[in-house]
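The values are calculated or read from the model by the stated rules, or taken from the named source; none is laboratory data. Not measured: the values here are computed from a predicted model. For neighbour counting, all protein chains shown are included, and Cβ atoms are generated from backbone atoms with ideal geometry for every residue, glycine included.
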Amino acid sequence: MKKLMIINGPNLNLLGKREPDIYGKLSFEDFLGQLRTEFVTVELDYFQSNIEGELIDKLQEAGFSYDGIILNAAAYTHTSVGIGDAVKAIEAPVVEVHISNTFSREEFRHQSYISPNASGVILGFGLRSYSLAIQSFL
Ligand code: DQA
């Protein structure tokens, strides 16, 4: 059984309530239930934090024991050299995901410190971006 870890960054704990026109009306917890039903052959673990260092700690911890990591670093995508370095430092392949199409939004969202070290990037498909990322590991 494949072991995958989903890591979500800041403000993604507010999914369902936050800017629903961009991010949708479903909470991540409810969506995770759907993912687990859809991918019964995958062990899916989930971590969310609003704190940069906690995201780095989780990447380091999961990065040597999971088959893959699905990372939505949210706003830290565009600012965090530390998270980018952590993605580079670990063994597990990391797929970068975003719910929205960051390239159709403000200029500052076009920059990613994750992409250069990600094994792939999936964005703009709403929460389906996570399903597509899981499929990429299968
Ligand atoms: C996001 C896009 C980021 O620019 C933004 O800061 C987020 C969410 C997305 O999933 O579309 O918080 O990562």
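Looking at 31, 125, just one residue is touching a residue at least 60 places away in the same chain (Cβ under 8 Å) and either within 11 Å of the ligand (Cβ to nearest atom) or touching a Leu at 6+ places or on another chain (Cβ under 8 Å) (or both), and that residue is 31. Checking 46, 66, 23, 76 one by one, the residue that is of a type outside the set (S, T, N, Q) and touching a Pro at 6+ places or on another chain (Cβ under 9 Å) is 76 and no other. Of the residues screened, residue 56 is not one that is out of contact with any helix residue (DSSP H, G or I) (no Cβ under 7 Å at 6 or more places or on another chain) and either touching a residue at least 40 places away in the same chain (Cβ under 8 Å) or of a type outside the set (Asp, Glu) (or both). Tallying residues that are basic (Lys, Arg) and either more than 8 Å from the ligand (Cβ to nearest atom) or on the phi > 0 side of the Ramachandran plot (or both) within segment 67-118 yields 1.
With respect to being out of contact with any helix residue (DSSP H, G or I) (no Cβ under 9 Å at 6 or more places or on another chain) and among the charged types (D, E, K, R), residue 45 falls outside the description. Selection of segment 5-51 for residues being closer than 21 Å to residue 105 by Cβ, of a type in the set (Asp, Glu) and in a helix (DSSP H, G or I) yields only 21.
Using the structure shown, decide if residue 103 is over 19 Å from residue 5 (Cα atoms), exposed (fewer than 14 other Cβ atoms within 10 Å of the Cβ) and free of Cβ contacts under 8 Å to residues at least 60 places away in the same chain.
Numbers: over 19 Å from residue 5 (Cα atoms): yes; exposed (fewer than 14 other Cβ atoms within 10 Å of the Cβ): yes; free of Cβ contacts under 8 Å to residues at least 60 places away in the same chain: yes.
Answer is yes for this residue.
Quick check: anything in segment 72-94 touching a Leu at 6+ places or on another chain (Cβ under 6 Å), part of a helix (DSSP H, G or I) and under 20 Å from residue 131 (Cα atoms)? Looking through segment 72-94, at least one residue is touching a Leu at 6+ places or on another chain (Cβ under 6 Å), part of a helix (DSSP H, G or I) and under 20 Å from residue 131 (Cα atoms). Exactly one residue out of 18, 36 is of a type in the set (D, E, K, R) and either touching a Phe, Trp or Tyr at 6+ places or on another chain (Cβ under 9 Å) or modelled with pLDDT of 95 or more (or both), and it is 36.
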